[in-house]
Every structure is written in structure tokens, then in C-alpha cells.
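One structure is given here, and the rest of the page talks about it.
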Amino acid sequence: MHIEFSRISAGDGEALADFLTGEEWPYHAGTQERETVARRHAEGRYDNEEERTFWVLADGERAGLVRLQDLADDTPMFDLRIRKAWRGRGLGTEAVAWLTRYLFTELPDVLRIEGHTRVDNGAMRAIFRKSGYAKEAHYRDAWPAPDGVRHDATAYAILRRDWLSGTVTRPAWDDEPVT
Ligand SMILES: CC(C)(COP(=O)(O)OP(=O)(O)OC[C@H]1O[C@@H](n2cnc3c(N)ncnc32)[C@H](O)[C@@H]1OP(=O)(O)O)[C@@H](O)C(=O)NCCC(=O)NCCS
């Protein structure tokens, strides 16, 4: 399979709307309307100083989407979606490797990259773990699902210095005084 990452262009409004509303994204809050996506794209909300969006192209097909966010901060965040039909074939893992390299090479001031996900998103958490990201936070009852259930959320991050050296520095979890 040939995988490429291609920045969205001005003519991609309809394709973005198809992608984001064409199937359910259970680990993302709320459903989006086609018109909302197209309007946001026309307003430049998916590609501007703070955000860049890329298609994940698998053999030329739009199999996924990577959104790089908070680009003016020293800790950008990202959102990754692979269409159901393409999951389980390594695209998510490739995408995280690609976006990590992209952010650290394109933006020299970026020292960390962060990603959040719902605690039961096993595939995304597996990708974080095998991509050099360390778990940094566990937020209890922080992720409301559309059915009203509140899930825990987790946060992972990778440090530029770890990415360069190929190591994973773990957070100092045990720094509370012993009582
Ligand atoms: C999460 C997502 C991006 C993963 O993409 P993908 O292309 O299927 O991922 P990959 O094929 O590269 O790898 C998935 C890994 O997770 C593992 N995995 C899958 N389901 C799992 C589960 N329930 N628990 C633990 N590990 C799991 C797979 O075994 C695989 O690891 P391996 O390659 O070491 O065997 C994709 O499922 C998706 O887009 N989901 C909906 C949107 C979403 O949740 N995005 C993340 C928001 S932050």
C-alpha cells in the first residue's frame, strides 16, 4: 500500500464534508452537518496559522485525515481519523509517525506534541504507546459521550528530545510525599 500525506486545498470543501459526515466517529464529540463543515472550510478554519489539515492517502484514496492544531503554541495537538474501511492496516501508526516528524522538523520551536483520547479507545492508545508517546494524564469523568455517559480521558505526549534520542522519558508519577 502506498501512503501519502497531502495538505487540503481550497477546493476540498465537499470532500471534507463527505469525510467528516460520511460515517460515525464515536470517539469525537457531537455530529457535524455537511453545511457546517463546508462553511468552516470556506472560512479557512481547517488551514490557517493555528491549524493545518492533511489527507491520509492510501493508494491515492482519501482513507484518513490528520488535523494539526494549536500550531502557534509550543505544544501542538492533533486529531487523527482513519475511515472504518481502512482501519487495522497500519495507517494510524504511519500517520502518527509522519505527523510527529512533520511537526518537529517544520516547526523548530515545538518541544512537545500532545494527543488526547477517550480511555476506551484501545487502538489510539496502542498507537501512542508504540510511537514514543508517554501517558501524562488521566482525567476522570472528563469525556462526555453523546449518550450521556461520562468516560475518563487520557493524554499522551512526546518530547522533541526523546524523539531525537529514541527514548521515552516517563513522568515523575511518584513525587508525592509519603504520608
Ligand atoms: C484510532 C485509529 C486512528 C487507529 O487507526 P488504524 O489505522 O486502525 O491503526 P493501526 O492499524 O495503525 O494500529 C492500530 C493498533 O491498535 C491495536 N488495537 C486495535 N484495537 C485495539 C484495542 N481495542 N485495544 C488495544 N489495541 C488495539 C492494533 O493491534 C494495532 O496495533 P499493532 O499494529 O501493534 O497490532 C482509527 O481506529 C480511527 O480513526 N478511529 C476513529 C477515530 C479516532 O478514534 N481517532 C483518535 C482520536 S484521538
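The values are calculated or read from the model by the stated rules, or taken from the named source; none is laboratory data. Everything numeric here is computed off the predicted structure, so don't read it as measured data. Here the Cβ positions follow ideal geometry from the backbone for every residue, glycine too, while neighbour counts run over all protein chains shown. Remember, those area values only see protein heavy atoms, side chains included, never the ligands or the DNA or RNA. Shrake-Rupley method; radii C 1.70, N 1.55, O 1.52, S 1.80 Å.
At a glance:
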quantity: Residue-level accessible surface for residue 3, protein heavy atoms, 1.4 Å, Å²; calculated: 40
quantity: Per-residue SASA entry for residue 5, accessible area with 1.4 Å probe, Å² rounded to 10; calculated: 50
quantity: The chain, relative contact order in percent, only Cα pairs under 8 angstrom and at least six apart counted; calculated: 16
quantity: Rounded if a/c under 1.5, otherwise prolate or oblate - the range 127-179, Cα gyration tensor axes; calculated: oblate
quantity: Loop-located GluC sites (Glu not before Pro) in the range 1-63 whose Cβ has at most 10 other Cβ within 10 Å (DSSP); calculated: 24, 43, 49
quantity: Cα→Cβ-extended label distance, 7 Å offset, between residue 3 and residue 61, nm; calculated: 1.6
quantity: Apportionment of accessible area to carbon and sulfur, the chain, percent (1.4 Å); calculated: 48
quantity: Probe 1.4 Å, accessible area per residue of the range 55-179, Å²; calculated: 55
quantity: HN-Hα J in Hz across the range 4-16 - Karplus 6.51, -1.76, 1.60, θ = phi - 60°, x for Gly and Pro; calculated: 10, 10, 10, 5, 5, 10, 4, x, 8, x, 5, 5, 5
quantity: Gaussian network model of the chain, springs between alpha carbon atoms under 10 Å - residue of 102, 156, 133 with greatest fluctuation; calculated: 102
quantity: Heavy-atom SASA rank of 41, 138 (probe 1.4 Å, accessible area, largest first); calculated: 138, 41
quantity: Ranked by how many other beta carbons lie within 10 Å on average, peptides 88-97, 170-179 from highest; calculated: 88-97, 170-179
